[in-house]
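Single-structure report; data block below.
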Amino acid sequence: MRIIVRDTAVEAAEHAADLVVDSAGGVLGLATGSSPQPLYAALAARVADGSVDFGRTRGFALDEYVGLDPAHPESYHSIIARDVIGPLGFSPSRVFVPAGSGTLDEVDARALDYDAAIAAAGGVDVQILGIGSNGHIGFNEPGSAADSVTRRVDLAPSTIAANSRFFRSAGEVPVQAVTQGISTILRARSIVLVASGAAKARAVRAAVEGPVGESCPASFLRLHDEVTLCLDSAAASQLGVGLRSGAGVGA
Ligand code: GLP
């Protein structure tokens, strides 16, 4: 695991963008949430100046809410279209998001097919990740197993509370999601996790310095050889002194 620390989220995102452009023409794993926004902005600037072209890149999103119309503005289908497909110039037919609508049987059946679709595309070259304040990656909440695959999950109460800011009423906030599993994520050839802000500092410390295990799903990233954490100084503020400056830890 390599740890890159920059003063600001924008500077950390520039480093992440250097790593993500390697996937152009291949397969990019896409994350939603506020954490990757500066990274998508950095990538969009490089697309605009012609230094990278994602037109032939395939994209696979990490997750989607269950029971939300894909046309809802807060569905991850909508967010990926708005934040990624448009600004980065992906071809819409090459971008895939797990299906969260339909009957639960349909959702479960389509989740089962998602890992096979990623494998059929050749596997993910670079996976972008954020991190939840409880250490989740994708929607793999604490308790998720290392060998989990794409599946329907219950969201943790703290995740439902965090997501409620995007919805008009409590009743509208999804309580389930479909997420790539831990093993799905770990099959990517390389992984770039972006985190910023003091609210993520505890989760970052647990991921980097805590035990590897289900209590902090992001800790499983230490089982992978090609992981880079791109952090601003606030997100890195609870790491051991040596790590706060961006020195790596062993995989
Ligand atoms: C959601 C997403 C995760 C994301 C997390 C953190 O739960 N499913 O992929 O990493 O939120 O969100 P944010 O980056 O907005 O803090």
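The values are calculated or read from the model by the stated rules, or taken from the named source; none is laboratory data. The structure displayed is predicted, hence computed values, not measured ones. A quick note on method: Cβ atoms are made from the backbone with ideal geometry, for glycine too, and the neighbour counts reach across all protein chains shown.
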By residue number, the members of the stretch 135-154 that are in a strand (DSSP E or B), more than 9 Å from the ligand (Cβ to nearest atom) and of a type in the set (A, V, I, L, M) are Val153
Discussion item. Looking at the stretch 16-29, can you tell me whether even one residue there is touching an Asp or Glu at 6+ places or on another chain (Cβ under 8 Å), in a loop (DSSP other than H, G, I, E, B), touching a residue at least 60 places away in the same chain (Cβ under 8 Å) and crowded, with 20+ Cβ neighbours inside 10 Å?
Written reply: no
### Task
Evaluate the following for Ala117: is it touching a strand residue (DSSP E or B) at 6+ places or on another chain (Cβ under 7 Å), touching a residue at least 12 places away in the same chain (Cβ under 8 Å) and farther than 30 Å from Ala206 by Cα?
yes
Looking across the stretch 194-223 at residues that are assigned to a loop (DSSP other than H, G, I, E, B) and out of contact with any strand residue (DSSP E or B) (no Cβ under 6 Å at 6 or more places or on another chain), the single one that is farthest from the ligand (Cβ to nearest atom) is Pro211
Of Gly122, Gly67, Gly100, Gly132, the only residue that is in a loop (DSSP other than H, G, I, E, B) and in contact with an Asp or Glu (Cβ under 7 Å, 6 or more places away or on another chain) is Gly100
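Filter the stretch 6-26 for residues that are of a type outside the set (D, E, K, R) and more than 29 Å from Phe166 (Cα to Cα); which is farthest from the ligand (Cβ to nearest atom)?
Gly25
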Scanning the stretch 164-193 for residues that are touching a residue at least 24 places away in the same chain (Cβ under 8 Å) and within 10 Å of the ligand (Cβ to nearest atom), the one nearest to Val5 (Cα to Cα) turns out to be Leu193
Notebook entry, point to check: Residue check: is Val208 free of Cβ contacts under 8 Å to residues at least 24 places away in the same chain and of a type in the set (Val, Ile, Thr)?
Noted result: no
When (1) more than 18 Å from the chain's Cα centre (by Cα); (2) buried (at least 22 other Cβ atoms within 10 Å of the Cβ); (3) hydroxyl-bearing (Ser, Thr, Tyr) are applied to Thr150, the one that fails is (1)
If you go through Ala42, Ala71, Ala48, the only one that is within 16 Å of the ligand (Cβ to nearest atom), surrounded by fewer than 24 Cβ atoms within 10 Å (Cβ to Cβ), at pLDDT 95 or above and aliphatic (A, V, I, L, M) is Ala42
